[in-house]
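Contents: one structure, followed by commentary.
The values are calculated or read from the model by the stated rules, or taken from the named source; none is laboratory data. Everything quoted here is computed from the prediction, not taken from an experiment. Ideal geometry is used to build each Cβ from the backbone, glycine not excepted, and the neighbour counts take in all protein chains shown. Surface accessibility is based on the protein's heavy atoms, side chains included, excluding ligands, DNA and RNA. Shrake-Rupley method; radii C 1.70, N 1.55, O 1.52, S 1.80 Å.
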Amino acid sequence: MALLNYLTTTHFDFGAIARLPKEMARLGLTRPLIATDKGIVQAGLLGRITDTIENGDALPVFDGTPSNPTETAVLEAHALYIEEGCDGIIALGGGSSMDLGKAVALLAGSGGPLDRFDPAQKGTKNMTKVAPVIAVPTTAGTGSEVSVGIIIIMQDGRKATFAGPKLIPQSAICDPELTLGLPPHLTAATGMDAITHCIEAFLSPVVNPPADGVALDGLWRAWRALKPAVENGGDRDARWNMMMASTEGALAFIKGLGAVHSMSHAAGRLPDLNLHHGTLNAVLLPPVLRFNAPGQEERYARLRQVMGLAPGADIAAAVEAYNKAIGMPKNLAQMGLTRDRLDELVPFAVSDLATRTNPRPAGAEDFAALYESMF
Ligand SMILES: [Zn+2]
């Protein structure tokens, strides 16, 4: 059965951030916790957000979000939320800050520990209430501002995905202006995350034709806009389209993702390497596209159409060429991963939520071979 569930009220355009006070009033927020990270503060983006709010400077701020959000950081932010008597969250930043903010809102509404919500333990039903969240993305890739999911590195070392309709923020303010200063390598990496979301959501076997349409539109935009956005960060049209593609990718992945994300989540949890999610996806997308190809002729033909490739063209090779053009690494070895680590990745890829919606069943041997092919 198809489940169509688009719930976030999204204000989208240059200057949309001016809507923030109205959105706070609409959701009844008087003392939100701003969940963000130090990079956002240093880039001056926090100030631009608090400037729009009366007495915005007096709002409590948690700026300790790590580049991959951890349970420990979520607990710290939640403690601050309680201490400051907050009534909701403004989640400001890339995927990490938004996921951390959504996790704090979940703890604030439903009580902890986080483990209780693990979908692998049928924990989604424990998400009874979530504090109001206004998500303000400052990158174009994750789409967490409209997504049902969050990804947190747990204290036991797992990179856990939590998902449920209650985790969809009630409000998103997507202002491409906030992405103009994003440096080229982060623009490229986050943008490839958006492209991967669109492709994997479209290929997921879950039946949801409207989500397929959204995925293809997102891919169409990102495939054309990402390179210009990387080459000229001030290209407003490219930035607008990348932010839209990012939002669309996340709207589409209500269908689930696939093996690229399974493998990227597994590799992204290694604390010593701290590999970037989007860069991992960029690198892993071509081999997974080759692995998934059998039986997908019709779907691949539609991808080619949207990407402007000739009929029968090799999509994986086209992604490899695109990666090269925007400065993404060629393989996992170039990212600093060594072969001896692969054994510890495979079981996490197998058990990842995204594996369930990969169009071709993938087991331990498949993942081992796919990782191996990246050296
Ligand atoms: Zn992703």
LEU273/ALA18 FRET efficiency (R0 35 Å; Cβ-Cβ; nearest 0.05) = 0.30
Distance (nanometres) between label positions extended 7 Å along Cα→Cβ at GLU344 and LYS125 = 3.6 nm
When only Cα pairs under 8 Å and 6 or more residues apart are kept, what is the percent relative contact order across region 152-285?
-> 32 percent
Could you calculate the FRET efficiency of ARG360 with VAL207 from 1/(1 + (r/R0)^6), where r is the beta carbon distance between them and R0 is 22 Å, rounded to 0.05?
-> 0.80
Any idea what log10 I(q)/I(0) is at q = 0.19, 0.20 Å⁻¹ for region 68-111, Debye with uniform C-alpha scatterers and no solvent?
-> -0.49, -0.54
Using only protein heavy atoms and a 1.4 Å probe, report how much of LYS38 is accessible, in Å² to the nearest 10.
-> 110 Å²
Evaluate the relative contact order of region 268-345 (contact order divided by residue number), counting alpha-carbon pairs under 8 angstrom at least 6 apart; express in whole percent.
-> 34 percent
So what is the relative contact order of the chain, in percent, for Cα pairs below 8 Å that sit 6 or more residues apart?
-> 15 percent
Expressed per residue, the solvent accessible area of the chain in Å² (1.4 Å probe) is about 39 Å²
Dipole magnitude of region 139-224, debye to nearest 20 (Cβ charges: Lys/Arg +1, Asp/Glu -1, about Cα centre) = 160 debye
State the answer as a single residue: which of PRO184, GLY157, SER171 lies farthest towards the positive end of the charge dipole of the chain, with beta carbon charges of +1 for Lys and Arg and -1 for Asp and Glu, about the Cα centre.
-> SER171
Bridge orientation stat for the chain from DSSP, antiparallel percent rounded to 5, came to 25 percent
Listed residues GLY363, PRO329, LEU353: farthest to the positive end of the dipole of region 304-363 (Cβ charges) = PRO329
What order do you get for 237-245, 313-321, 225-233 when each peptide is scored by the mean count of other beta carbon atoms within 10 Å, highest first?
-> 237-245, 225-233, 313-321
If all Cα-Cα distances of region 181-315 are sorted into 5 Å bins from 0 onward, what percent lands in each bin, rounded to whole numbers?
-> 2, 12, 20, 23, 21, 14, 7, 2, 0
For region 48-93, what % of the accessible area comes from carbon and sulfur atoms, probe 1.4 Å?
-> 47 percent
Give me the net charge of LEU251's neighbourhood, meaning all other residues with Cβ under 15 Å from the Cβ of LEU251; Lys, Arg count +1, Asp, Glu -1.
-> -4
Could you tell me the distance between the Cα centroids of region 307-375 and region 71-136, to the nearest Å?
-> 31 Å
To the nearest 20 debye, what charge dipole does region 95-177 have about its Cα centre, counting +1 at the Cβ of each Lys and Arg and -1 at the Cβ of each Asp and Glu?
-> 440 debye
Can you work out the FRET efficiency for the pair ASN232 and SER67, with r the C-beta to C-beta distance and R0 = 25 Å, to the nearest 0.05?
-> 0.45
Ranked from highest to lowest mean number of other Cβ atoms within 10 Å per residue, what is the order of the peptides 297-309, 163-175?
-> 163-175, 297-309
Pulled fully out, how much extra length does the chain show between HIS185 and LYS324, if you take 0.36 nm times their separation in residues and subtract their Cα-Cα distance?
-> 48.8 nm
For n ≥ 4 DSSP H runs only, could you compute -39500 (n - 2.57) per run for the chain, divide by its residues and tell me the 222 nm figure to the nearest 500?
-> -14500 deg cm²/dmol
Hey, how much of the P(r) for the chain falls beyond 26 Å, as a percent of Cα pairs?
-> 47 percent
Once every Cα of region 317-366 carries one equal point scatterer and solvent is ignored, give the base-10 log of I(q)/I(0) from the Debye formula at q = 0.17, 0.27, 0.32 Å⁻¹, two decimals.
-> -0.75, -0.94, -1.01
Note down the magnitude of the dipole of region 333-375 about its Cα centre, charges +1 on Lys and Arg C-beta and -1 on Asp and Glu C-beta and zero elsewhere, to the nearest 20 debye.
-> 160 debye
Summed side-chain charge close to GLY149 - residues other than GLY149 whose Cβ falls under 11 Å, Lys, Arg +1, Asp, Glu -1 | 0
When ranked by the protection proxy of mean other Cβ atoms within 10 Å per residue, highest first, what sequence do the peptides 204-214, 250-260 form?
-> 250-260, 204-214
Separation of the SER351 and VAL41 label points, Cα + 7 Å toward Cβ, nm = 3.5 nm
